[in-house]
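The values are calculated or read from the model by the stated rules, or taken from the named source; none is laboratory data. Please read all numbers here as calculations on a predicted model, not as lab measurements. Glycine gets a Cβ as well: all are built from the backbone with ideal geometry, and neighbour counts include every protein chain shown. Just so you know, the surface numbers come from the protein's heavy atoms only, side chains and all, with ligands and any DNA or RNA stripped out. Shrake-Rupley method; radii C 1.70, N 1.55, O 1.52, S 1.80 Å.
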Amino acid sequence: REIEGVAELTVAPANIKGILKSKPINSPVLVDLGDGVAVFDIYLKIKYGAKVQNVASEVQKKVKDSVQNMTGIAVSKVNVHISSIAIEEKKKK
């Protein structure tokens, strides 16, 4: 949410991993850690008018830098999934 244009994080859609494990995945951030390298999938809602490519690039950079600096774990990918767009309604006078 620190990135301009991000309205909020959203829940990842159900996938085959969650179904097979009998546990729904109700998280906006999914992490696959293998061989000491992390791959992130992040689901978010962006603000109407935001440039999708710019928002996604900024989120990728911020997540990668933050995780690597805090944990020392290499991040090979940050996949950003835009699930919806937040449209603000104009307030009536």
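Key figures for this structure:
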| read-out | value |
| --- | --- |
| Filtered residue count, region 38-74, keeping only those that are aliphatic (A, V, I, L, M), buried (at least 18 other Cβ atoms within 10 Å of the Cβ) and in a helix (DSSP H, G or I) | 4 |
| Unmet requirement for Val6, which otherwise passes all of (1) in contact with a Gly (Cβ under 6 Å, 6 or more places away or on another chain); (2) β-branched (Val, Ile, Thr); (3) modelled with pLDDT of 90 or more | (1) |
| Pairs, first free of Cβ contacts under 8 Å to residues at least 12 places away in the same chain in region 59-78, second open to solvent by less than 70 Å² (accessible area, probe 1.4 Å), C-beta under 6 Å, six or more apart | Gln68/Val75 |
| Filtered residue count, region 75-93, keeping only those that are open to solvent by 60 Å² or more (accessible area, probe 1.4 Å) and either among the acidic types (Asp, Glu) or over 21 Å from Gly34 (Cβ atoms) (or both) | 10 |
| Region 27-37, subset under 11 Å from the mean Cα position of the chain (by Cα) and open to solvent by 40 Å² or more (accessible area, probe 1.4 Å), residue farthest from Thr10 (Cα to Cα) | Val31 |
| Scope region 9-44; condition modelled with pLDDT of 80 or more and among the hydrophobic types (A, V, I, L, M, F, W, C); matching residues | Leu9, Val11, Val29, Leu30, Val31, Leu33, Val37, Ala38, Val39, Phe40, Ile42, Leu44 |
